[in-house]
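We did not get these values from a lab; they are worked out from the coordinates using the rules stated. Predicted model, so just to flag it, every value in this text is computed and none were measured. Don't worry about glycine lacking a Cβ; one is built from the backbone with ideal geometry, like all the others, and counts go over all protein chains shown.
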Amino acid sequence: MTYQAPVREIEFMLNKVVGLDQINSLPGFEEATEDLVGAILEESSKFCGEVLAPLNRVGDVQGSVWSEDGVTTPDGWQDAYQQFCENGWGALSFPTQYGGQGLPMSVSAAVQEMWHASNMSFGLCPLLTQGAVDALHHHASDELKDIYISKMVEGTWTGTMNLTEPQAGTDLAAVRTSAEPDGDHYRIKGQKIYITYGEHDLSENIVHLVLARLPDAPPGVKGISLFVVPKFLVNADGSIGERNDVKCVSIEHKLGINASPTCVMSYGDNDGAIGYLVGKEHHGLMYMFTMMNQARHAVGVEGYAIASGAYQKALQYAKDREQGKTLLGKSEDDQGIINHPDVRRLLMSMRSGIDAMRGLSLECAASFDKAASHPDQTQREFFQRRGELLTPLVKGWSTEFGLALCSSGVQIHGGMGFVEETGAAQYYRDARITTIYEGTTAIQANDLIGRKTARDGGQGMSELIADIRVTIDELGKSNRVELQVIARNLASAVDALEETTQWMLEQENAVLPAAGSVDYLMMGGRTVGGWLMARSALAATGITDDTEFAEAQIALARFFAEHELPIVDAGRQLVIEGGESTVSVPVHML
Amino acid sequence: MKVLVAVKRVLDYNVKARVKADKSGIELANVKMSMNPFDEIAIEEALRIKEAGKAEEVIAVSIGPSQSQETIRTALAMGADRGILIETDDEVQPLAVAKLLKHVAEKEEPGLLIVGKQAIDDDANQTGQMYSAITGWPQATFASKVEFEGDGLKVTREVDSGLESIQVAMPAVITTDLRLNEPRYAKLPNIMKAKKKPLEVIALADTGVSIETGLKTVEVNEPEEREAGIIVKSVDELVDRLRNEAKVI
């Protein structure tokens, strides 16, 4: 069985829990009705299931291959990419002026889940292009936009982000790549590493966005500028011109995402690669940060998407595989290992966890949609704050949790999970990168406690906590025992989150909050995930035409409340009391 | 020339069909429904004919409940120009479908009607043939290739003995086989445009066509479960079992 997108679950979360009606009532998003979004999700599901999913294993086994002449993607990749572009999937959320469809980010996130669940290595290419388009759209001159954006929206040209250098990973202040002014352009020289789809055979041109320093640049992060460096220079009429002085000198051998070429890029081995300045000098890092939220959100989507692929595989295996007499099987023919309570626990934690992460991610995207389009200024600011607060949770929690769930997927397969041919291991290996790139989990946690919590004195967090308590009150009005349980556990989680936030804000020394930051991030992710599941249970009580589906949603929300939310309570203790022992042992004793 | 294509909303081909508890039919509540795969091929063929400049308009027609509009929208997203739904919640047998299509064709005057050779829910494989009988149009069934020749069509048909080529005059009815073409995916911009394409909904009563066919579904049952196979030790044992157990020789 290949991947089949859970369209019904995605639609329910987007339409009924997060509330598509609150988005398509905003100016600019009127077209995004339930009908239209439903048709888009259906067609996307078909495309991802039939075209991208069958290439997932091929991509893993063959991988992309480097040679002097360039990088060759696996069999079938070129054809799939061409179909992907022809069908317009890359253009979904881009502005209509460049040939995009201008659909909300929340709809785009729902669709992108399917790319990554069916084939994450493939999905990375359009994801990177999207990031590059965002950067150009917000910061480049009209001249640059006119040359590059439409082609990138079409997918005829793809985009890359060149930040990292061997000595400059998380710390971009150490970037050394240089840019010398040369007439109306610049000459770029230096080496960049970890460049996803830096070289490939899918598109006619590759548009690199490169961080580099001008000769007079101040040291550190304030001296970094952003440049467009195309693989092939573009003629005045928009056609492809000469080869630029940039090449891929090797690709990495990795733990996962083997089909996605991770390139070492060398700029300016000869005369210097021709590059064009984006925006103003020395503002490069700031430009990168404006789209960081979107890029991080996109990786968070990968986190649960890939867990969703792993879940489908594990579920199928658990139904088919028979081992021993089960406690839950109803007859002799009903002895799949799915009927062992512990296998059921693993599957429930996968399924409810994926739903919770999807809810969080769509909620976050919907916040950005409202921030972009709400007619009221105060509301726009409120939702911008909310979106920014939720982003590190989407990225940090969904990738860590997603990875753990992919591990559960392997576990359900038993020995066969450790064997590559089942495909369970590939999800686990592919997922492993998501907690690292686009800012490691620690960076997300740092962002959460610093920029997103301490900077506004906890305002965004207390607004969030207040909203969660409104839901708890609503749950309390229900006479269903499941909803009471959810209310109780969510209330205790939110109390723990509030108390820990307060403790964070009170610390004068940065060491203890930093030591507990990742645990704090997980508390936040679980609590907000639990909130979305609680809202899902409430929405499910309103379903009258499909009680089986409704009851399943309520049971999943209860499972999450009973299995994940109690960990938030423990998190409080971990964060508040656990910092001292984390840092007290001297380095030479480790 | 107009091309009329019939599209049916059926249980999605990925869904395992379950018989209703009262055996009155298949459980269709809260299960995924989509366009009959043979009808996707029919739409694709019509679009290719239009793209080759042989037709001006492709009209997708469906007969069924209000939700069949979604199926028509799918056809519109693939590229059909407009849709017509004859709305009814009653079970419609092939003969009634043929009569209703005739009703539409009398108004639209298409040069071609393309239908799937069968729908995957009832596997009737009758509508195209019945349409031909009641209208007198030539029929080209199980088509695996359609070519324009002179004023008519040359159609390659998949028959038991291989491939058969026939010539038909137009207007004609074609029923599609699996190998006729590979249907396209709907492009995102076309999905968005499909919303704005015209879709006319006609109440069954307004057609004046009776859907009575004299057939009634009495009971629907699950097929008998297949028993596990065995390995026989010798040819003699095989012959013995075929003769005495299976009673086929």
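May I ask you to order A:482-495, B:44-57 by the average number of other C-beta atoms within 10 Å around their residues, highest value first?
With the highest mean Cβ count within 10 Å placed first, the list reads A:482-495, B:44-57.
Cross-link candidates for residue A:145: which lysines have Cα within less than 20 Å, leaving aside residues fewer than 8 places away along the same chain?
Counting by Cα, and skipping residues close in sequence, residue A:145 has these lysines nearby: A:231, A:280.
Need the list of lysines near residue B:32 for cross-linking: C-alpha distance under 18 angstrom, and skip anything on the same chain fewer than eight residues off.
Result set, ordered by chain and number: A:46, B:8, B:16, B:20.
Once fully extended, how much extra length lies between residue B:56 and residue B:212, figured as 0.36 nm per residue of separation less the alpha-carbon to alpha-carbon distance?
Length difference between fully extended and current span is 52.7 nm.
Evaluate the charge dipole of the stretch A:152-288 about its Cα centre and quote only its size in Debye, nearest 20, assuming +1 on the Cβ of each Lys and Arg and -1 on the Cβ of each Asp and Glu.
Computed about the Cα centre, the dipole is about 440 debye.
By count of other Cβ within 10 Å, fewest leading, how are B:211, A:23, A:567 ordered?
Starting with the residue having the fewest Cβ neighbours, the order is A:567, B:211, A:23.
Could you give the length gained by full extension between residue A:585 and residue A:75, i.e. 0.36 nm per residue of separation minus their alpha carbon distance, to one decimal place?
178.4 nm
Could you state the number of Å between the C-alpha centres of the stretch A:520-548 and the stretch A:273-331?
20 Å
Could you line up A:503, B:137, A:397 from fewest to most neighbouring Cβ atoms inside 10 Å?
Ascending Cβ contact count within 10 Å gives the list A:503, B:137, A:397.
Compute the FRET efficiency between residue A:270 and residue A:421 as 1/(1 + (r/R0)^6), taking r as their Cβ-Cβ distance and R0 = 45 Å, and round to the nearest 0.05.
FRET efficiency, residue A:270 to residue A:421: 0.45.
How would you rank B:247, B:32, going from fewest to most other Cβ atoms within 10 Å of each one's own Cβ?
B:247, B:32
Using a 7 Å offset from the Cα along the Cα-to-Cβ direction at both residue B:182 and residue A:381, what is the distance between the two label points in nm, to one decimal?
5.6 nm
Out of the trypsin sites (Lys or Arg not before Pro) in the stretch B:175-219, which ones are loop residues according to DSSP with at most 11 other C-beta atoms within 10 Å?
Within the stretch B:175-219, the qualifying trypsin sites (Lys or Arg not before Pro) (loop, at most 11 other Cβ atoms within 10 Å) are B:196, B:216.
For the pair residue A:459 and residue A:281, how long in nm is the line joining their label points, each one 7 Å along Cα→Cβ?
Here the answer is 3.5 nm between the modelled labels.
Just report the Cα centroid separation between the stretch A:462-494 and the stretch A:65-135, whole Å.
Each part's Cα centre sits 39 Å from the other's.
Report the charge-dipole magnitude of the stretch A:371-443 in Debye, nearest 20, computed about the Cα centre from +1 at each Lys and Arg Cβ and -1 at each Asp and Glu Cβ.
Computed charge dipole of the stretch A:371-443: roughly 160 debye.
Take every residue in peptide B:181-188, count the Cβ atoms of other chains within 10 Å of its Cβ, and give the average of those counts.
Across the residues of B:181-188, the mean count of other-chain Cβ atoms within 10 Å is 6.
Rounded to whole Å, give me the distance from the Cα center of the stretch B:183-249 to that of the stretch A:393-435.
38 Å
Give me the inter-chain shielding for A:43-49: mean count of other chain Cβ atoms within 10 Å, whole number please.
Partner Cβ neighbours, averaged per residue: 3.
Which residues' amide hydrogens lie under 5 Å from the amide hydrogen of residue B:174, considering only partners 5 or more residues apart or on another chain, with H built in the peptide plane?
B:113, B:114, B:115, B:140
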